[in-house]
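A short write-up of the structure that comes next.
The values are calculated or read from the model by the stated rules, or taken from the named source; none is laboratory data. From a predicted model like this one, the values you see are computed outputs, not experimental measurements. So basically every Cβ, Gly included, is an ideal-geometry build from the backbone, and we count neighbours across all protein chains shown. Ligands, DNA and RNA are excluded from the accessible area calculation, which covers all protein heavy atoms including side chains. Shrake-Rupley method; radii C 1.70, N 1.55, O 1.52, S 1.80 Å.
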Amino acid sequence: MKPLQASSGYLTADRRADFAEMLLASGEPAQAAELLLGALELAPQWAAGWFRLGEMQEAARFPDQAAQAWAMAMKLDPADRLGSALKLQLIGHAPVAVAPPSAFVETLFDHYADSFEQSLVGKLRYRMPEFLERAIRAASPSRFRLALDLGCGTGERLRPIVDRLEGYDISSSMLRKARAKGIYDRLSKSDLQHFCRPDAKADLVVAADVFIYVGALERIVGAIADSLVDEGLCAFSVETLAGGDAFALLPSRRYAHSEAYVRRVLADSGFAILSLESTTIRHDRGEPVGGLAVIARRRPAE
């Protein structure tokens, strides 16, 4: 992700920042950080510059200085659109939170929207929508009356098997891209951390590669259960956590979840697992990223 604000607003500071990037690319992070710090003396209110300084100082193995830079970025941008809090958590300078800053997730996908499909499908070999579609068809060969697509990532795969399709996403840019496809009957802006749908209940909810930006799953899975009819299906994917019994924040600033945790959360929310398969959900820097594809059925209320 490129910096949220690529320019400081000051030509001299921008030039120094550009030279700092060249030094970083040539393998000299300490020198790069020193030069960028000089740029920030000219533009001290540049939140994205402080965030980038933290990354350079982290690369130079100066974690305490990196923490100070990210703290400054958060002070200048309290919504934390760049995710400084996550960086602080990863280097042990803040307690691990159960969820990322909502503004960070929104900004990430607003920034990424125009190249999302090309990057995810072409470069990262992302195939989870197809994988979940096959699993959904195997679990229920009949059509669905109403399906909810959380994250607007599987609509094209769901459209042929549903009568009504609704999409929910935190990113306005992703919703704009989804609207251009003309496949959704309704699109709504929604922070899935606080997802709640009081309307008519659905018989299918899908969240492909969404929970990696959620963290703790208890609330969202409970909200999905409340949105489903009895015997309704929930289909989703998670990145697998190797070891541990819950979830963890990764250096990628995504969350991974253990199989035991996924099973426990589903059971507590009234779901019965129909299928749970280990698979490669995408590639990162050429390496496969392992995950779980899950289909669960909401048990009737007793």
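Does ALA20 fit the bill of being farther than 19 Å from PRO101 by Cα, part of a helix (DSSP H, G or I) and open to solvent by less than 30 Å² (accessible area, probe 1.4 Å)? Yes. Of the residues contained in the stretch 268-285, one or more are found to be out of contact with any strand residue (DSSP E or B) (no Cβ under 7 Å at 6 or more places or on another chain), of a type outside the set (S, T, N, Q) and either under 24 Å from ILE161 (Cβ atoms) or modelled with pLDDT of 95 or more (or both). When THR154 is tested against (1) among the hydroxyl-bearing types (Ser, Thr, Tyr); (2) at pLDDT below 90; (3) over 22 Å from GLY222 (Cβ atoms), exactly one condition is not met: (3). In the stretch 147-191, what residues are in contact with a helix residue (DSSP H, G or I) (Cβ under 6 Å, 6 or more places away or on another chain) and in a helix (DSSP H, G or I)? ARG157, SER173, MET174, LYS177, listed by residue number.
Given the options ASP226, ASP209, ASP203, ASP199, name the one that is of a type in the set (Asp, Glu) and exposed (fewer than 14 other Cβ atoms within 10 Å of the Cβ). Please lay out each step first, then the result.
Details: ASP226 fails: exposed (fewer than 14 other Cβ atoms within 10 Å of the Cβ); ASP209 fails: exposed (fewer than 14 other Cβ atoms within 10 Å of the Cβ); ASP203 fails: exposed (fewer than 14 other Cβ atoms within 10 Å of the Cβ).
Residue meeting the stated conditions: ASP199.
Of all residues in the stretch 1-17, those satisfying the criterion of being under 23 Å from ALA67 (Cβ atoms) and either touching a strand residue (DSSP E or B) at 6+ places or on another chain (Cβ under 6 Å) or surrounded by fewer than 15 Cβ atoms within 10 Å (Cβ to Cβ) (or both) are MET1, LYS2.
Look at (1) part of a helix (DSSP H, G or I); (2) surrounded by 22 or more Cβ atoms within 10 Å (Cβ to Cβ); (3) not small (Gly, Ala, Ser) and you find that VAL238 fails only one, number (1).
A single member of ALA267, ALA260, ALA272, ALA246 is in contact with a His (Cβ under 8 Å, 6 or more places away or on another chain), more than 16 Å from VAL210 (Cβ to Cβ) and either surrounded by 12 or more Cβ atoms within 10 Å (Cβ to Cβ) or in contact (Cβ under 8 Å) with a residue 24 or more places away in the chain (or both), and it is ALA246. In the stretch 128-140 there is at least one residue matching the filter, namely being β-branched (Val, Ile, Thr) and surrounded by 23 or more Cβ atoms within 10 Å (Cβ to Cβ).
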